[in-house]
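So the structure is just underneath, and the comments pick up after that.
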Amino acid sequence: MDNIKILFGRKIKEFRKKNEYTQAQLAELVGVDDKHISCIESGKNFPSADLISRFANALGVEPKDLFEFNYLKNPSDLKKEIFLMLNDLTNENLILTYKYIKTFLLK
């Protein structure tokens, strides 16, 4: 299972690229060295609460958005989670889920 430092780093990188910032540009916006951005994005370092707030401001998101990274988990963990969710569904909801998958995801 990926740890929170790695997942957080991936999320920062995702938002940085979405905003078309280089690591140096983001570093300047949040007031740190660009090597620190690199270490955060690679999961080597984890930012302080203050830096998390500055990231959110610079990237135009809420701080909580920086921690929404279930889809960034490794595929085997995602498959396990999906399987557990499916096992907990009622028959009616299982049928609805099947129809949704068939209609929207398996075109």
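The values are calculated or read from the model by the stated rules, or taken from the named source; none is laboratory data. Note that the coordinates shown come from a computational prediction; the quantities given were computed from them, not determined experimentally. Reconstructed Cβ throughout: ideal geometry from the backbone, glycine too, with neighbour counts over all protein chains shown.
Taking each residue of region 8-26 that is in contact (Cβ under 8 Å) with a residue 24 or more places away in the chain and looking for partners that are of a type in the set (D, E, K, R) and surrounded by 14 or more Cβ atoms within 10 Å (Cβ to Cβ) with beta-carbon atoms closer than 7 Å, six or more apart or interchain, yields GLY9/GLU41; ILE12/GLU41; LYS13/GLU41; LEU26/ARG16.
Quick check on region 27-56: of everything there that is touching a residue at least 24 places away in the same chain (Cβ under 8 Å) and over 24 Å from ASN74 (Cβ atoms), which residue is nearest to the chain's Cα centre (by Cα)? The residue in question is ARG54.
In region 32-45, which residues are of a type in the set (A, V, I, L, M, F, W, C) and either modelled with pLDDT under 95 or within 13 Å of LYS13 (Cα to Cα) (or both)?
Within region 32-45, the subset of a type in the set (A, V, I, L, M, F, W, C) is 32, 37, 39-40.
Within region 32-45, ILE37, CYS39, ILE40 qualify.
Take the conditions (1) part of a loop (DSSP other than H, G, I, E, B); (2) in the same structural domain as ILE101 (by TED's automatic domain parsing); (3) not small (Gly, Ala, Ser); ILE82 misses just one of them, which is (1).
Among the residues of region 86-99, which ones are assigned to a helix (DSSP H, G or I) and either surrounded by 11 or more Cβ atoms within 10 Å (Cβ to Cβ) or touching a helix residue (DSSP H, G or I) at 6+ places or on another chain (Cβ under 7 Å) (or both)?
LEU86, ASN93, LEU94, ILE95, LEU96, THR97, TYR98
So, in region 72-85, of the ones that are closer than 20 Å to ILE4 by Cβ and surrounded by 10 or more Cβ atoms within 10 Å (Cβ to Cβ), which residue ends up modelled with the lowest pLDDT? For region 72-85, the residue satisfying everything is LEU72. Set side by side, the residues ASN45, ASN74 differ, and just one is farther than 30 Å from ASN93 by Cα and among the polar types (S, T, N, Q), which is ASN45. Which numbered condition trips up ILE52, out of (1) aliphatic (A, V, I, L, M); (2) exposed (fewer than 15 other Cβ atoms within 10 Å of the Cβ); (3) part of a helix (DSSP H, G or I)? Answer for ILE52: the failing condition is (2).
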